[in-house]
Amino acid sequence: MISKIRNKWFTANFVLRHRWEDGDYTDYELRQLKSTLKLGMWVKTYEAVGKRKGTPKEVFNKDNHVRVYMIGLDLIVCSVWMDISKPTFGN
């Protein structure tokens with residue numbers, strides 16, 4: 001299950017994956033979820049490219065990066081995580 005909340009200050013994505021989920025067994029996350037038992041909480045931050053600002057040649061410049069924060073919970077039979085990012089506004 002995936003759901004998204006988007007407003008002008010932030011974007012939040014919620015994901016729930018469980019051990020009995022149907023899907024492609026070549027998907028790394030799904031194979032890991034079915035083969036390992038995890039219990040814990042985790043936090044991750046990274047930068048991603050946001051919406052385009054400026055001309056197309058400048059798509060990957062430093063001003064287009066946004067910080068993304070991920071918070072997750074592993075509960076043996078399911079994994080739940082949420083990522084939050086501040087959207088960039090441009091053309």
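The values are calculated or read from the model by the stated rules, or taken from the named source; none is laboratory data. A quick note: this is a predicted structure, and the numbers were derived from the prediction, not measured. Methodologically, a virtual Cβ is constructed for each residue, glycine included, from the backbone with ideal geometry; neighbour enumeration extends over all protein chains shown.
Of the residues 34, 8, 44, 4, which single one is among the charged types (D, E, K, R) and part of a helix (DSSP H, G or I)?
Details: 8 fails: part of a helix (DSSP H, G or I); 44 fails: part of a helix (DSSP H, G or I); 4 fails: part of a helix (DSSP H, G or I).
After ruling out the rest, the residue left standing is 34.
Consider the range 2-22. How many of its residues are farther than 17 Å from residue 68 by Cα and of a type outside the set (A, V, I, L, M)? Number satisfying all stated conditions: 6. Might you check whether a residue that is exposed (fewer than 10 other Cβ atoms within 10 Å of the Cβ) and of a type in the set (Val, Ile, Thr) occurs anywhere in the range 5-17? Within the range 5-17, not a single residue is exposed (fewer than 10 other Cβ atoms within 10 Å of the Cβ) and of a type in the set (Val, Ile, Thr).
Return the residue satisfying two criteria in turn: it lies in the range 40-66 and is modelled with pLDDT of 80 or more and out of contact with any His (no Cβ under 9 Å at 6 or more places or on another chain), and of such residues it is farthest from residue 13 (Cα to Cα). Break it down stepwise before answering.
Here is the first cut: in the range 40-66, the ones modelled with pLDDT of 80 or more are 40-47.
Among the residues that remain, those that are also out of contact with any His (no Cβ under 9 Å at 6 or more places or on another chain) are: 40-46.
Working: 40: 20, 41: 17, 42: 16, 43: 15, 44: 14, 45: 14, 46: 15 Å.
Out of the qualifying residues, it is 40.
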